[in-house]
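Here's the structure, in structure tokens; my notes come after.
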Amino acid sequence: GWMRVRETSLPQNWLLLSYSRADPDLVEIVGEGDDGLAALRAAACDSGRVYWAFFLVVGVDTRRGVVSRRPKYVFATVGGAEVDVRTRTRALLHTGAVGAVLQEAHLHCEVESAEELSDAAVAARLAQIGGAHRPNGYDFGDGGGAVRVEEE
């Protein structure tokens with residue numbers, strides 16, 4: 001699953017994992033798609049579950065008529081507000097192992113709700129870690145174009 005997100009020639013741009021409902025010791029793919037961050041947020045809608053999300057955001061830098069597009073990968077742990085303490089603790093312990101499989105993310109974050117992964121919030125976090133070659137916009141793969149980042 002995650003290799004399809006990492007392969008830029010393929011359309012898939014997000015992957016969502018959670019504990020299996022049939023076997024709570026098993027982490028499984030519960031969603032994937034090519035329709036962007038908004039679709040991932042919609043798929044991670046159960047506030048009683050913990051999710052691990054891995055998604056592609058494309059940094060778009062347009063300067064002097066030249067457009068540069070660079071893939072940025074985000075790994076997020078979404079711990080729903082209604083997740084019991086035992087499951088939340090287990091998920092915290094398993095986040096390292098899941099992150100080791102979903103390798104090479106540019107940004108790691110923990111949120112309580114998928115709604116905290118808004119385009120603007122993710123763009124702001126990516127801009128903070130962008131360094132000297134920070135793009136001036138981010139494309140979240142939903143066909144809506146790049147979200148502009150304010151220059152400092």
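The values are calculated or read from the model by the stated rules, or taken from the named source; none is laboratory data. Treat the numbers as computed from the prediction; the structure is a model and nothing was measured. Counting neighbours? That spans all protein chains shown, and the Cβs are built from the backbone with ideal geometry, glycine included. Surface accessibility is based on the protein's heavy atoms, side chains included, excluding ligands, DNA and RNA. Shrake-Rupley method; radii C 1.70, N 1.55, O 1.52, S 1.80 Å.
Taking Ala91, is it touching a strand residue (DSSP E or B) at 6+ places or on another chain (Cβ under 6 Å), modelled with pLDDT of 90 or more, in a helix (DSSP H, G or I) and farther than 17 Å from Tyr138 by Cβ? Spelling it out, Ala91 is indeed touching a strand residue (DSSP E or B) at 6+ places or on another chain (Cβ under 6 Å), modelled with pLDDT of 90 or more, in a helix (DSSP H, G or I) and farther than 17 Å from Tyr138 by Cβ. I'm checking my understanding of the structure. Among residues of segment 1-28 that are open to solvent by 80 Å² or more (accessible area, probe 1.4 Å) and not in a loop (DSSP other than H, G, I, E, B), which one is farthest from Gly141 (Cα to Cα)? Only one residue tops the list, namely Met3. Of the residues making up segment 92-141, those that are open to solvent by less than 30 Å² (accessible area, probe 1.4 Å), closer than 20 Å to Ser68 by Cβ and of a type in the set (A, V, I, L, M, F, W, C) are Leu107, Val122, Ala123, Leu126, Ala127, Phe140.
Among the residues of segment 108-136, those identified as among the acidic types (Asp, Glu) and assigned to a helix (DSSP H, G or I) are Glu115, Glu116, Asp119.
When segment 45-86 is filtered for residues that are over 21 Å from Leu126 (Cα atoms), touching a residue at least 40 places away in the same chain (Cβ under 8 Å) and among the small types (Gly, Ala, Ser), only Ser47 remains. Within segment 41-74, the residues that satisfy the criterion of being more than 19 Å from Ser118 (Cβ to Cβ) and either in contact with an Asp or Glu (Cβ under 6 Å, 6 or more places away or on another chain) or assigned to a strand (DSSP E or B) (or both) are Gly48, Val50, Asp61, Thr62, Arg63, Val66, Val67, Ser68, Arg69, Arg70, Pro71.
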